[in-house]
């Protein structure tokens, strides 16, 4: 659903405002604009999801997965497709949210239980924010997660290093 930010956790609003500032008048911020130090306090709850167009279909691949997300799922699934990783019970809803971001170029909010191995469903909130290199088409989605009832140990230094490795690999030599 499209979010009423004033009713949500303040970190979702803060990320929206940060991305709006980065867009600097464009419709959407670019992934290249992101500096993980600017949102280091929530970095372990951030995923980057590539939007891949192939054969007239849209697919979504995890580029980077936050350590809190990996800890909750007990799996680091960076580089894998959303439809190969997300539990079948939740997959249609997650794919619908991601597809809606691509279609509308607007953030989408979701709150629903996510199944995790050996722990049943865990209350989960997420906001999907569109990113675009050309300002027209969404080519990446920043997902900010929140687990209201789950204490998760976070290794934010590891996540910052992973972020740097992924983004440095894309820089021209």
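The values are calculated or read from the model by the stated rules, or taken from the named source; none is laboratory data. Remember, it's a predicted structure, so these values are computed and weren't measured experimentally. Virtual Cβ from ideal backbone geometry, glycine too; neighbours counted across all protein chains shown.
Values for this structure:
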| quantity | calculated |
| --- | --- |
| Some residue of region 81-92 being in contact (Cβ under 8 Å) with a residue 60 or more places away in the chain, crowded, with 18+ Cβ neighbours inside 10 Å and assigned to a loop (DSSP other than H, G, I, E, B) | no |
| Which numbered condition residue 51 fails, given (1) under 17 Å from residue 16 (Cα atoms); (2) in contact (Cβ under 8 Å) with a residue 24 or more places away in the chain; (3) touching a helix residue (DSSP H, G or I) at 6+ places or on another chain (Cβ under 7 Å) | (1) |
| Failed item, numbered, when residue 151 is tested on (1) farther than 25 Å from residue 5 by Cβ; (2) at pLDDT 60 or above | (2) |
| Single match in 65, 102, 138, 166 (criterion: closer than 23 Å to residue 32 by Cα and modelled with pLDDT under 80) | 166 |
| Within region 114-135, considering residues that are more than 18 Å from the chain's Cα centre (by Cα) and modelled with pLDDT of 70 or more, the one surrounded by the fewest Cβ atoms within 10 Å (Cβ to Cβ) | 134 |
| Residues of region 16-33 that turn out to be without any contact (Cβ under 8 Å) to a residue 60 or more places away in the chain and within 15 Å of the chain's Cα centre (by Cα), as a count | 1 |
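Per-residue answers, yes or no, for (1) in a strand (DSSP E or B); (2) in contact (Cβ under 8 Å) with a residue 40 or more places away in the chain; (3) surrounded by fewer than 17 Cβ atoms within 10 Å (Cβ to Cβ):
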residue: 14; (1), (2), (3): no, no, yes
residue: 39; (1), (2), (3): no, no, no
residue: 42; (1), (2), (3): no, yes, no
residue: 60; (1), (2), (3): yes, yes, no
